[in-house]
Amino acid sequence: MLAISLDGRLAPAGGGAAQFGGAGDRAVLEASLAWADGCLIGARTLRVHGTTCLIREPGLLARRAAQGRSPQPLAVVVSRSGQIAPTLPFFSQPLRRWLLQAADPAPLLLPVPPGFERRLELGHWAASLAELRALGLERLVLLGGAELAGALLSAQLVDELQLTLCPLLLGGPHTWLPAAALAAPSAWELVEHHDLGGGELLLRYRRPAALACAQREP
């Protein structure tokens with residue numbers, strides 16, 4: 001799930017944390033988090049923003065409580081190095097944190113970094129997602145960034161795209177999908193679009209092969 005500009009950018013031309021996406025985008029983002037068991041966050045995105053999004057809407061929190069679920073989905077940070085500054089505000093947020101680290105150097109031989117409950121080894125994406133599913137994270141939301149989105153799309157492991165189109169033209173190199181991410185074009189099917197207010201438009205697409213088996217809550 002991503003908020004993007006009209007020209008498909010995730011961040012201003014000069015880089016840094018994106019400062020767009022209004023109340024409507026926030027509402028659909030929290031609804032997606034309320035549906036999820038966990039969220040995937042690229043380490044670079046986390047370093048830039050310092051925090052992740054939390055569910056704050058009382059109705060969504062009450063629904064998760066009634067389902068016997070934690071208030072917030074578990075945050076899975078994806079990193080090659082495993083070097084995440086423990087001073088980031090992220091580590092003070094009220095949620096559980098796991099680290100999914102590339103296998104070189106072998107992360108399972110290293111101590112779990114401060115602030116994380118556990119460290120998992122990132123090998124092939126299909127195997128890593130299967131491991132997360134076996135550990136109870138069946139429904140995952142991707143919160144960024146572009147490199148992580150590109151890797152999962154390239155591996156054809158994304159069932160749904162949820163994009164908030166914001167009324168901005170930003171320019172610059174920070175597109176939401178790297179140019180080399182896909183080996184071949186792929187077609188998606190539009191399943192929802194509506195006005196979020198403030199000039200923002202929600203677009204939801206699903207991979208056609210996933211339509212018959214994927215049952216998504218609003």
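Here are some notes:
- Counting the residues of the range 142-174 that are surrounded by 18 or more Cβ atoms within 10 Å (Cβ to Cβ), under 11 Å from Leu10 (Cβ atoms) and more than 12 Å from the chain's Cα centre (by Cα) gives 3.
- Subset of the range 29-75 [of a type in the set (S, T, N, Q) and within 16 Å of Glu138 (Cα to Cα)]: Ser32, Gln67, Ser70, Gln72
- Residue pairs meeting the criteria (Cβ under 6 Å; at least 6 apart or on separate chains; first touching a residue at least 60 places away in the same chain (Cβ under 8 Å), in the range 150-170; second of a type in the set (A, V, I, L, M) and in a strand (DSSP E or B)): Leu163/Leu2; Leu163/Ile4; Leu163/Leu203; Thr164/Ala3; Thr164/Leu202; Leu165/Leu201; Cys166/Ala3
- Residues located in the range 155-171, provided they are in a loop (DSSP other than H, G, I, E, B), of a type outside the set (A, V, I, L, M, F, W, C) and within 24 Å of Ala17 (Cα to Cα): Pro167, Gly171
- Summed over the range 187-206, residues that are farther than 16 Å from Ala3 by Cβ and basic (Lys, Arg) total 1.
- Failed item, numbered, when His49 is tested on (1) surrounded by fewer than 19 Cβ atoms within 10 Å (Cβ to Cβ); (2) of a type outside the set (A, V, I, L, M, F, W, C); (3) within 28 Å of Gly197 (Cβ to Cβ): (1)
- Number of the condition not met by Arg139 [criteria: (1) over 16 Å from the mean Cα position of the chain (by Cα); (2) closer than 26 Å to Arg69 by Cα; (3) touching a residue at least 40 places away in the same chain (Cβ under 8 Å)]: (1)
- Residues satisfying the stated conditions in the range 60-99, i.e. under 24 Å from Glu147 (Cβ atoms), hydroxyl-bearing (Ser, Thr, Tyr) and surrounded by fewer than 17 Cβ atoms within 10 Å (Cβ to Cβ): Ser81, Thr87
- Selection within the range 78-92 - more than 13 Å from Pro114 (Cβ to Cβ), at pLDDT 95 or above and within 17 Å of the chain's Cα centre (by Cα): Val78
- Counting the residues of the range 13-35 that are over 21 Å from Gly68 (Cα atoms) and charged (D, E, K, R) gives 2.
- Figure legend. Inter-residue proximity from the range 55-73: first residues closer than 19 Å to Val28 by Cβ, second residues surrounded by 15 or more Cβ atoms within 10 Å (Cβ to Cβ) and of a type in the set (Phe, Trp, Tyr), beta-carbon distance below 9 Å, spacing 6+ or different chains. Indicated pairs: Pro73/Trp35.
- Any hit, the range 16-23, residues being surrounded by 14 or more Cβ atoms within 10 Å (Cβ to Cβ), under 17 Å from the mean Cα position of the chain (by Cα) and at pLDDT 95 or above: no
- Test: residue in the range 106-117 that is modelled with pLDDT under 95, surrounded by 15 or more Cβ atoms within 10 Å (Cβ to Cβ), more than 18 Å from Ile55 (Cβ to Cβ) and in contact with a Ser or Thr (Cβ under 7 Å, 6 or more places away or on another chain): no
The values are calculated or read from the model by the stated rules, or taken from the named source; none is laboratory data. Just so we're clear, the structure is a prediction, and the values are computed from it rather than from any experiment. Every residue, glycine among them, receives a Cβ derived from its backbone with ideal geometry; neighbour counts consider all protein chains shown.
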